[in-house]
Amino acid sequence: MRNQPALWPSADWHLSRFKPDVPVLYFAPDVLAATAKRFLDGFDGLVTYAVKANDHAVVLDNLAGAGITCFDVASPLEMKKARAAARHAVLHYHNPVRSVDEIAVAMGFGIASWSVDCPRELAKLADVPRDGTEIAVRLRLPVPGAAYDFGEKFGADPDRAVALLRQAQEMGFVTSLTFHPGTQCRDPQAWAIYIHEAADVARRAGVTLSRLNVGGGFAAHRNGNAPDLEAIFDRIAIETQRAFGDSAPKLVCEPGRAMVAEAFTLALRVKAERGEAVYLNDGIYGALTEMRDIGMTDRIAVMRAEDGKVEGALLPRIVFGPTCDSLDRLPDAVSLPSNIAEGDFVTIKGMGAYSRAISTGFNGYGRQEIVTVAAL
């Protein structure tokens, strides 16, 4: 076994020297730390990390080291992983659908905040110790601007949110509201609409909110120019003050994708090139799953280990993954150099979120090696 140092100079350096024949996720800890700092410095409130985006130990450990003290968890296993990275981490259990057994396990972790979106889920929490424990009622609205709408699965309409807030307060919980504008949301107006509706819900309920959790949804850089996160941070602060005035609640956010995506670059090897088709060593059952669901990124380059970047004229190619399933292909053609060849590497930037986390391992593929580098 080769004795590798923990840190290589760059992704390109590692590719050219070792020519890995398996999918590799190159991880740059400094990029992750810089993104965490961007949220901690720019967002006017508590920054939590949504563990679902990438629950690998290197991510959680580095986020804890960068100053993230609170984690949004959706399952007992995520609770365990977050506490392994930070023993005293504050945990928000904001998956609003839980079994009674999951609730019992979660109580042992001392959950600080639970979200609910219906009376039955709130009733399940009757035995949760109060002691300042927060119930965050999850609000949903038909607000456009995201790649897909989380409100189709979770959330209470405003009238139900009013009733849930009142009931949670009567039960002795600290009361808050939470929402999620939807994944890959770049439009600050989506947050503005939710914030003003949240203020109206709180007024109708006669409840002074302890906190307002403005969710995740912050977009990662997938296409075109990078999203302006600071514009969203500023708009959230302005609209919260405008909507709530002197009774403005403390703010919380729970980025997942935007926190971790930029810290990883995915490198895949071309297994075969057949006319219009290119076969890669990972596909939709692995790190490219989201390309099927929310579209392809344009942050793609092709590298040849001996010669560096491949820069032929771009042609649309059908891209297949490595499994025996004919469905293992990207739904849209991908522009790749005309001179791409077997053995070349396709690198995709911004792949830290929902790549490794939702890889299946089907047919013996879809497991990526993580290699730590100084630069991407």
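Each value in this text was obtained by applying a stated rule to the coordinates, not by laboratory testing. Source: prediction; values computed, not measured. So basically every Cβ, Gly included, is an ideal-geometry build from the backbone, and we count neighbours across all protein chains shown.
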First select every other residue whose beta carbon is under 12 angstrom from the beta carbon of residue 230; then total the charges, Lys and Arg +1, Asp and Glu -1.
-2
As straight-line cross-link partners of residue 52, the qualifying lysines (C-alpha separation under 16 Å, not fewer than 8 residues apart within one chain) are 80, 81
On full extension of the chain, what length is gained from residue 311 through residue 123, given 0.36 nm per residue of separation minus the C-alpha to C-alpha distance?
61.7 nm
Taking neighbour counts of Cβ atoms within 10 Å as a proxy for exposure, in what order, fewest first, do 13, 8 appear?
13, 8
What FRET efficiency do you get for residue 221 and residue 242 if R0 is 35 Å and r is their Cβ-Cβ distance, rounded to the nearest 0.05?
0.75
Sorting 135, 370, 193 on the 10 Å Cβ count, fewest up front, what's the list?
370, 193, 135
For the chain, what does -39500 (n - 2.57) per DSSP helix run (n ≥ 4), summed and divided by total residues, give at 222 nm, in deg cm²/dmol to the nearest 500?
-9000 deg cm²/dmol
Shape verdict for region 55-255, please, from the Cα gyration tensor: rounded (a/c under 1.5), prolate (a/b greater than b/c) or oblate.
oblate
Of the DSSP H helices in the chain, those whose Cα atoms cover at least 15 Å axially and whose Kyte score averages -0.5 or more:
29-42, 188-205, 229-244
Given points 7 Å out from each Cα along the Cα-Cβ axis, report the residue 17 to residue 69 separation in nanometres with one decimal.
3.9 nm
Value in Å of the Kirkwood radius, where the chain supplies the Cα pairs that are averaged
21.9 Å
What is the dipole size for the chain, taken about its Cα centre, with +1 at each Lys and Arg Cβ and -1 at each Asp and Glu Cβ, in debye to the nearest 20?
480 debye
Sequence gap at least 6, Cα distance under 8 Å: using those rules, report the relative contact order of the chain to the nearest whole percent.
22 percent
In order over region 279-293: 3J(HN,Hα) from phi, Karplus 6.51/-1.76/1.60, θ = phi - 60°, whole Hz, x for each Gly or Pro, gives 10, 10, 8, 7, x, 6, 8, x, 6, 9, 3, 5, 4, 6, 8
Sum of side-chain charges, residue 26 neighbourhood, beta-carbon under 10 Å (Lys, Arg +1; Asp, Glu -1)
-1
Could you run the Karplus curve 6.51 cos²θ - 1.76 cosθ + 1.60 with θ = phi - 60° over region 178-185 and give me ³J(HN,Hα) per residue in whole Hz, x for Gly and Pro?
9, 8, 9, x, x, 5, 6, 8
